[in-house]
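The values are calculated or read from the model by the stated rules, or taken from the named source; none is laboratory data. From a predicted model like this one, the values you see are computed outputs, not experimental measurements. Quick reminder, even Gly has a Cβ in these numbers, built from the backbone with ideal geometry, and neighbours come from all protein chains shown. Side chains are part of the model used for accessible areas, which takes the heavy atoms of the whole protein and leaves out ligands, DNA and RNA. Shrake-Rupley method; radii C 1.70, N 1.55, O 1.52, S 1.80 Å.
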Amino acid sequence: MKVLVATEKPFAKVAVDGIREVVEKNGHTLALLEKYTDVNDFYAAVADADALIVRSDKVTKEVIDHAKNLKIVVRAGAGYDNLDLEACTARGIVAMNTPGQNSNAVAELVMGLLVYCVRNSYNGKSGSELMGKKLGILAFGNVGRNVARIANGFGMKVYAYDAFCPADVINASGLATAVANQEALFEECDIVSLHIPATAETKNSINKALVGLMPKNGLLVNTARKEVINEDELIELMQERTDLKYVADVMPAADAKFRTLFADRYFATPKKMGAQTAEANINAGIAAAKQIVDFFTTGNTRFQVNK
Ligand code: 3PG
């Protein structure tokens, strides 16, 4: 079988080597399409692929239409909002993710962004510390739990809310104190870190009413997806509340506007960096390769997301 790795933002070489080893050791072949800038190159590369590994690359209906032999696509990572699941299902293509494999990397970046922000982008001015601050985690999945673990090491007071994870499970983790709803989280916490997927329910859900509940000098950190933010409302709120800061690893569509209006209260990474570590690339990339090999060998569909 031919396995195509199509990554506009490539994996570290060591991860690609690991993927190749898993694929070839099991009698399959590997093709690589990295740093492509033209979607037509993706269409051409996927034409004879039996399996596909992507990161945030958009696997649209058009991609699927060009992939006549495709049987399985694995998003090497957690969020699979970049996969057209309907198009996959319509063609009988199995779609999977690799949950948990890159979550520590994202969590470490959250802390890096927070330190950068509370130390005023290292501009020489006196900043503040994270110890003793209240950190709210929305939601308590793999990334949220890792953020909680590390934030406890910083001496932060950690709170969490997750619509799908009961309060007693959050409390029993020993990592965070559960609050009743997301409003309570924003009301209570100095810093809120977003770890929700982009779904029909969550898109635009982080709005003026919610973020406006944050106490003075509130800081919102988004390493999840830009789509969960209602950008127009956040801009409006930050114009009214000149104490609020926003820091993101998922550059807003209105990045230029945020930068112009809130020069010292806003920062976004130029490219999504959360999962961009050798370790996360190895974990997620090799997991994806193993899941594909296992699917072809035994029919295992454990991580299928379009069941
Ligand atoms: C994920 O959902 O796993 C992260 O957002 C990582 O995305 P990336 O593979 O594009 O870095």
In degrees, nearest ten, helix 278-298 long axis to first principal axis of the chain (Cα)
40 degrees
Calculate what fraction, in whole %, of the accessible area of the chain sits on carbon and sulfur atoms when a 1.4 Å probe is rolled over the protein chains.
51 percent
Spacing of the two label points (7 Å from each Cα toward its C-beta) at Asp168 and Glu34, in nm
5.0 nm
Have a look at the stretch 127-268 and give its Rg and Dmax from the Cα atoms, expressed in angstrom.
14.3, 44
Place a label point 7 angstrom from the Cα of Ala12 along the Cα-to-Cβ direction, then list the residues of the stretch 278-295 whose backbone nitrogen is under 15 Å away.
278-287
When the charge dipole of the stretch 1-121 is computed with +1 at the Cβ of Lys and Arg and -1 at the Cβ of Asp and Glu, the Cα pointing farthest to the positive end, of Asn26, Ala49, Met111, is that of Met111
Taking just the alpha-carbon atoms of the stretch 42-102, what radius of gyration and Dmax come out, in angstrom?
10.6, 31
Convex hull per residue volume in Å³, alpha carbons only, for the chain:
137 Å³
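Can you give the extra length, in nm with one decimal, that the chain gains between Arg259 and Ala44 once fully stretched, where that is 0.36 nm per residue apart less the Cα-Cα distance? List each step's numbers first, then the result.
On the way: separation 215, 0.36 × 215 = 77.40 nm, distance 3.76 nm.
The span from Arg259 to Ala44 would gain 73.6 nm if fully extended.
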Can you list the lysines whose alpha carbon is less than 18 Å from that of Lys125, not counting same-chain residues fewer than 8 positions off?
Lys245
If you build a Gaussian network model of the chain, linking Cα atoms that sit under 10 Å apart, which residue out of Gly144, Gly285, Gly100 swings the most?
Gly100
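Keeping to pairs on different chains or 8 or more places apart, tell me how many lysine pairs in the stretch 1-105 have Cα atoms under 16 Å apart. Could the numbers behind the result be given before it?
Working: Lys2/Lys25; Lys2/Lys68; Lys2/Lys71; Lys9/Lys35; Lys9/Lys58; Lys13/Lys35; Lys35/Lys58; Lys61/Lys71.
Pairs that pass both the separation and distance tests number 8.
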